[in-house]
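Below: the structure, in structure tokens.
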Amino acid sequence: MPVRPTAKLSRADLADLNSFLAVHRLRSFTQAAVDLGISTSALSHSIRNLETRLGVRLLNRTSRTVSPTEAGSNLASRLEIGFDEIAGALEEVDRHRDRPMGRLRINTLNDGARLLVSRYLPKFLQNYPEVSVEVAVEDQMVDIVAAGFDAGVRFGGTVPEDFVAVRIGAPLKWVAAAAPKYLNRRTSIAAPQDLKAHNCIQIRTGQGVIYRWEFEKDGERQAIDVPGQLCVNETTLGVEMAKAGAGITYCLEKRITGELERGELQVVLPDWAPIEPAFYIYYPGHRQTPPGLREFIDMLREEPLA
């Protein structure tokens with residue numbers, strides 16, 4: 001019985017198949033191109049070449065959507081198994097190296113970027129020069145798997161289920177603060193409800209809602225819908241506007257340590273400052289751990305735990 005020749009995979013074939021998997025996973029040429037670190041036109045050319053060589057259409061494209069054909073879905077399901085095996089084999093090889101190498105993609109909220117990532121990333125880059133790191137800073141909750149990230153940094157209590165989550169640092173204190181020049185010309189604040197008579201800098205969260213400021217004292221918790229002329233969606237601008245006397249801001253105490261020490265801001269209602277969960281770094285447990293992630297987590301955990 002004649003033996004059917006086995007087709008040999010070239011480097012171009014593997015690259016094009018990996019590109020196809022990225023588009024299939026993200027359902028977007030634009031996002032897949034970002035994930036792969038190439039241009040959209042180069043990615044489109046890669047997929048067209050793959051379909052031409054195979055003689056089969058793998059993806060249906062319109063101006064707004066990308067969806068797999070039946071052949072594309074079947075191919076993707078088989079390729080995912082194969083590429084997982086390849087990733088596992090490469091990780092085994094990497095264990096024999098003195099240092100990790102490769103690419104690490106992290107998605108973090110603003111506070112995590114300013115208080116943790118920016119603090120430890122320079123040391124990490126210096127210690128592991130063969131690891132390239134991409135950091136996306138955004139407060140919106142992102143599906144890190146679908147978006148092609150290796151790990152995310154979020155507050156405890158907001159980490160999605162089914163992920164491995166590692167606590168970083170101690171629980172966090174949240175405070176309301178304002179500049180002395182604002183407080184000196186306004187009525188005093190003795191309780192959270194007094195904020196309703198003040199100009200507060202509102203916060204729109206990553207979920208798109210206006211945040212209710214939370215306070216706690218002796219087991220009593222209050223959440224206040226604060227009024228305000230200004231609304232921001234990130235801490236830095238809120239702090240800058242508070243320093244300018246535009247109103248009262250609400251943020252992590254650690255974000256304004258310097259401003260408090262210099263007297264540029266004063267904590268309002270210090271007895272009501274709540275203590276909330278710490279930061280966590282999280283990643284999918286069902287995937288091979290990417291090079292450098294364990295070392296990055298170990299470095300972040302140098303932050304003292306309470």
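When the range 255-286 is filtered for residues that are in a loop (DSSP other than H, G, I, E, B) and either touching a residue at least 24 places away in the same chain (Cβ under 8 Å) or on the phi > 0 side of the Ramachandran plot (or both), the ones remaining, listed by number, are Gly263, Glu264, Leu265, Leu269, Ala273, Pro274, Pro277, Ala278, Gly285.
Looking at this structure, is Gly258 modelled with pLDDT of 95 or more and out of contact with any strand residue (DSSP E or B) (no Cβ under 7 Å at 6 or more places or on another chain)? Step through it out loud before you land on a result.
Numbers: modelled with pLDDT of 95 or more: yes; out of contact with any strand residue (DSSP E or B) (no Cβ under 7 Å at 6 or more places or on another chain): yes.
Yes; evaluated as a whole, the condition is true for this residue.
Screening Gly206 with (1) open to solvent by 60 Å² or more (accessible area, probe 1.4 Å); (2) under 30 Å from Ala151 (Cβ atoms) gives one miss only, at (1).
Yes or no, residue by residue, for (1) out of contact with any Lys or Arg (no Cβ under 7 Å at 6 or more places or on another chain); (2) modelled with pLDDT of 85 or more:
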position: His45; (1), (2): yes, yes
position: Thr69; (1), (2): no, yes
position: Asn74; (1), (2): yes, yes
position: Arg97; (1), (2): yes, no
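Give the number of residues within the range 221-237 that are closer than 18 Å to Gly112 by Cα and part of a loop (DSSP other than H, G, I, E, B). I'd like the intermediate steps shown before the answer.
Step one: of the range 221-237, the residues closer than 18 Å to Gly112 by Cα are 232-237.
From what is left, the residues that are part of a loop (DSSP other than H, G, I, E, B) are 233-234.
Result for the range 221-237: 2.
Just checking, which of Val164, Val135, Val117 is touching a residue at least 24 places away in the same chain (Cβ under 8 Å) and either in a helix (DSSP H, G or I) or open to solvent by less than 50 Å² (accessible area, probe 1.4 Å) (or both)?
Val117
Inspect the range 181-193 for any residue being modelled with pLDDT under 95, among the β-branched types (Val, Ile, Thr), in a strand (DSSP E or B) and open to solvent by 40 Å² or more (accessible area, probe 1.4 Å) and give the result as yes or no. Taking every residue of the range 181-193 in turn, none turns out to be modelled with pLDDT under 95, among the β-branched types (Val, Ile, Thr), in a strand (DSSP E or B) and open to solvent by 40 Å² or more (accessible area, probe 1.4 Å). Pairs are defined by a Cβ separation below 9 Å, a sequence spacing of at least 6 or placement on different chains, a first member in the range 48-77 that is over 17 Å from Phe29 (Cβ atoms), and a second member that is among the charged types (D, E, K, R) and open to solvent by less than 60 Å² (accessible area, probe 1.4 Å); the pairs so defined are Arg53/Asp13; Arg53/Asp16.
Among the residues that make up the range 281-291, is at least one of them of a type in the set (A, V, I, L, M), closer than 30 Å to Ile86 by Cβ and surrounded by 14 or more Cβ atoms within 10 Å (Cβ to Cβ)?
So in the range 281-291, the residues of a type in the set (A, V, I, L, M) come out as 281.
Right, trim to closer than 30 Å to Ile86 by Cβ and you get 281.
Applying the additional criterion that residues be surrounded by 14 or more Cβ atoms within 10 Å (Cβ to Cβ) yields 281.
Checked against the condition, which is being of a type in the set (A, V, I, L, M), closer than 30 Å to Ile86 by Cβ and surrounded by 14 or more Cβ atoms within 10 Å (Cβ to Cβ), the range 281-291 yields at least one hit.
Can we say Glu91 is open to solvent by 30 Å² or more (accessible area, probe 1.4 Å), at pLDDT below 90 and not hydroxyl-bearing (Ser, Thr, Tyr)? Answer is yes for this residue.
Based on what the data block shows, is Ala33 farther than 21 Å from Arg78 by Cα, modelled with pLDDT of 80 or more, of a type in the set (A, V, I, L, M, F, W, C) and surrounded by fewer than 14 Cβ atoms within 10 Å (Cβ to Cβ)? Criteria not met by Ala33.
The values are calculated or read from the model by the stated rules, or taken from the named source; none is laboratory data. Bear in mind that the values here come from a model prediction, so they are computed numbers and not experimental data. Methodologically, a virtual Cβ is constructed for each residue, glycine included, from the backbone with ideal geometry; neighbour enumeration extends over all protein chains shown. Areas reflect the complete protein model, heavy atoms only, side chains present, ligands, DNA and RNA absent. Shrake-Rupley method; radii C 1.70, N 1.55, O 1.52, S 1.80 Å.
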